[in-house]
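Novice: Below you will find the structure I want to go over with you.
The values are calculated or read from the model by the stated rules, or taken from the named source; none is laboratory data. Keep in mind it's a predicted model, so treat the numbers as computed, not measured. Cβ placement follows ideal geometry from the backbone for every residue including glycine, while neighbour counts extend to all protein chains displayed. These accessible areas exclude ligands, DNA and RNA; they are computed on the full protein's heavy atoms, side chains included. Shrake-Rupley method; radii C 1.70, N 1.55, O 1.52, S 1.80 Å.
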Amino acid sequence: MDDFRVRCVRPASPREQEAVVRSVRRACVSGDGEVLAALLCADATAFFDGGGRVGAPDRPVQGSRQVARALLTLPARGPRTTWSAQSVNGRTGLVVRCERRVAAVIGLDVADHRVVQLWVVLNPDKLRSWNRSPSPRN
């Protein structure tokens, strides 16, 4: 039997999703693990996809403190790293850039004012479309 459970909670409204994601972004930018953990459900789960090319947990990370710690130690952290809230798969998520290059895209499932699950894509192959230069307009 899988360790993962189907969650039966009311998904967040777009406004609630955006508010929670922006709070998560602020906690990640400031490096505040306590605040970040408080924004996550106690049994939050994060799935990381490094594609074997970027250091990332190879198993899901579970628990608010463990997920917060994993997010705060992403390979993309550095002095020229920016975090922005923007649309990811049709909902507000996070895009992490290092030197203006997308290094991570994070989808968040929010319910009852807390993050329930995170989907962290670090795999450069899967981020290729995020890093394409916009085509010139005629």
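Novice: What are the residue pairs meeting all of these: first residue in segment 90-106, first residue open to solvent by 60 Å² or more (accessible area, probe 1.4 Å), second residue in a strand (DSSP E or B), Cβ atoms under 6 Å, and 6 or more apart or on different chains?
Specialist: Arg97/Thr82
Novice: Also: Can you pull out every residue in segment 45-69 that is at pLDDT 95 or above, aliphatic (A, V, I, L, M) and more than 18 Å from Thr92 (Cα to Cα)?
Specialist: Matches in segment 45-69: Val61, Val67, Ala68.
Residue-by-condition table, conditions (1) polar (S, T, N, Q); (2) modelled with pLDDT of 95 or more; (3) out of contact with any helix residue (DSSP H, G or I) (no Cβ under 8 Å at 6 or more places or on another chain); (4) not in a loop (DSSP other than H, G, I, E, B):
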position	(1), (2), (3), (4)
Ala85	no, yes, no, yes
Leu94	no, yes, no, yes
Arg97	no, no, yes, yes
Val105	no, yes, no, yes
Ser133	yes, no, yes, no
Asn138	yes, no, yes, no
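Novice: Do you know which of the residues in segment 11-29 that are among the charged types (D, E, K, R) and more than 14 Å from the chain's Cα centre (by Cα) is surrounded by the most Cβ atoms within 10 Å (Cβ to Cβ)?
Specialist: Ranking the qualifying residues of segment 11-29, first place goes to Glu16.
Novice: Would you pick out the residues in segment 37-53 that are open to solvent by 40 Å² or more (accessible area, probe 1.4 Å) and hydrophobic (A, V, I, L, M, F, W, C)?
Specialist: Ala38, Ala42, Phe47
Novice: Out of all the residues in segment 54-62, is one or more among the polar types (S, T, N, Q), in contact with a Cys (Cβ under 7 Å, 6 or more places away or on another chain), within 20 Å of Asp32 (Cα to Cα) and assigned to a strand (DSSP E or B)?
Specialist: No, segment 54-62 contains no residue that is among the polar types (S, T, N, Q), in contact with a Cys (Cβ under 7 Å, 6 or more places away or on another chain), within 20 Å of Asp32 (Cα to Cα) and assigned to a strand (DSSP E or B).
Novice: Out of all the residues in segment 68-83, is one or more open to solvent by 40 Å² or more (accessible area, probe 1.4 Å), part of a helix (DSSP H, G or I) and on the phi < 0 side of the Ramachandran plot?
Specialist: Scanning segment 68-83, I find at least one residue that is open to solvent by 40 Å² or more (accessible area, probe 1.4 Å), part of a helix (DSSP H, G or I) and on the phi < 0 side of the Ramachandran plot, so the answer is yes.
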